[in-house]
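Inspection log for the structure reproduced underneath, given as structure tokens.
Taken together, the values in this text are just the output of simple stated rules run on the coordinates, not laboratory data. As the structure is a computational prediction, the values presented were derived from the model and not from experiment. Methodologically, a virtual Cβ is constructed for each residue, glycine included, from the backbone with ideal geometry; neighbour enumeration extends over all protein chains shown.
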Amino acid sequence: MNHISEEQWKKYVQDEVDLSTRRQYEEHLYRCDQCLELYLHAVAAYEEKLPDVTDPAAFTGQILEKVAEQPKEMQAEAARPFYQRTIVHYTVAAAITVMFMTSGVFHSITTVQSPALAESSPSVTEQLVNKTVAWLNVIEQKNREETDQ
């Protein structure tokens, strides 16, 4: 992994790097703990040079104004082609599924049975019915024998 030096992080903190470099550094921060440590040192060093905030309410208002402006800029950058949107992917998948269903592709899946399933033993219910019928036949035969005597 190619690490970023502390001097480069200081330039980043002081906003002396271009936008593409800034994005590369930010992506790198997500993956590298060592560079994150260097970045935190650079922020701590730069923090000492910053002036104290005298009017916190005005400062907060200025920050909120900048944040309100930023999404407009980011929307222009983040505009994606229509084919990269999630709804398009779902629509295409649904259309293909409907096409497969109407053409009968899924029908063959439900009609295919393995030989083991075709030659399986009778179900528990069927066995229970057979035993009950046999038991009733035995009782009926005993009743006939008693009535014949």
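Which one, Q34, Q84, Q62, has the greatest fluctuation when you compute a Gaussian network model over the chain with C-alpha springs under 10 angstrom?
Taking springs between Cα atoms under 10 Å, the residue moving most is Q34.
Which label marks the calculated value of Cα Rg over 2.2 N^0.38 Å, given the options (i) 2.96; (ii) 2.60; (iii) 1.74?
The value matching this structure is (ii).
In deg cm²/dmol, rounded to 500, what helix-only [θ] at 222 nm does the chain give when every DSSP H run of at least 4 residues adds -39500 (n - 2.57) and the total is split over its residues?
Helix-only estimate at 222 nm: -24000 deg cm²/dmol.
How do Y39, Y90 line up, fewest other C-beta atoms within 10 Å first?
In increasing order of surrounding Cβ atoms, one gets Y90, Y39.
For the chain, what does the relative contact order come out to in percent, with C-alpha contacts under 8 Å and a separation of six or more?
16 percent
Quick one: grab the alpha carbon gyration tensor of the range 6-79, order the square roots of its eigenvalues as a ≥ b ≥ c, and give me rounded if a/c is under 1.5, else prolate or oblate depending on whether a/b is larger than b/c.
Note, shape of the range 6-79 comes out oblate.
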